[in-house]
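First the structure, in the form of structure tokens, and then the observations on it.
The values are calculated or read from the model by the stated rules, or taken from the named source; none is laboratory data. For clarity, every value in this text was computed on a predicted model and none was experimentally measured. Glycine also receives a Cβ, built like all others from the backbone with ideal geometry; neighbour counts cover every protein chain displayed.
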Amino acid sequence: MDHVGQIFFQGWAPLLRTAIGTTVTYVALVVLLRIAGPRTLAKWYAFDLIVTVALGSTFANSVLSGSISVAQSLVGFVILIGLQFIIAFLVAHWSSLRVVVNPQPALLLHDGQFVHDAMRRQRVAEADVRAAIRHQGIDRIEDVGAVVLEADGTFSVIKELGPGASALADVPELGGSNSANRSDDE
């Protein structure tokens, strides 16, 4: 086979290895993800996103690289999912680690007024906040009680702040903190 032909086809053995390896790796990944639960693919925090990207990269490498065995890929999957499970468990049980691993939500707009200090710290423009408000079908900033930049990077728009506003207990600018939800290591 000439050199140009090898670019497109290198024989049946590599194709067979790719087909079998992809099938086994895919089935194993689906089983592991079902066992691990939906949190494994959630993008709540940076470490969740890292696991999702790393799983995809590991899967792609196992499919396309002839030098990585199916067993190596499976070990990589188990380690990544295991680390994500351990970190999520620890974060759920120790608020001191939660503060380090998970960013706190940030109040960007309060009672129709932009909170410019928080917006600067979070590198969010007024246009971003306005877009989040419009996305909720609200046409007047003055009608919004709060806009919060959540730990996962999404915006929560709260039309009206009720007395006590318990959903905002962990927003530091409203007097909350991660310690507001502590029930574990006090």
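Quick notes on this structure:
- Filtered residue count, the stretch 1-56, keeping only those that are over 30 Å from F85 (Cα atoms) and of a type in the set (V, I, T): 2
- Of the residues I35, I87, the single one that is within 14 Å of the chain's Cα centre (by Cα) and of a type in the set (V, I, T) is I87.
- So G82, is it surrounded by fewer than 16 Cβ atoms within 10 Å (Cβ to Cβ) and either in contact with a Ser or Thr (Cβ under 9 Å, 6 or more places away or on another chain) or not in a helix (DSSP H, G or I) (or both): no
- Only a single item in (1) in a loop (DSSP other than H, G, I, E, B); (2) surrounded by fewer than 15 Cβ atoms within 10 Å (Cβ to Cβ); (3) in contact with a helix residue (DSSP H, G or I) (Cβ under 6 Å, 6 or more places away or on another chain) is not met by S67, and it is number (3).
- Of all residues in the stretch 106-145, those being over 23 Å from the mean Cα position of the chain (by Cα) and part of a strand (DSSP E or B) number 4.
- Taken over the stretch 45-62, the criterion of being crowded, with 16+ Cβ neighbours inside 10 Å, at pLDDT below 90 and hydrophobic (A, V, I, L, M, F, W, C) is satisfied by V51 alone.
- The residues listed here are V51, V4; of these, the one that is in a helix (DSSP H, G or I) and closer than 22 Å to A151 by Cα is V51.
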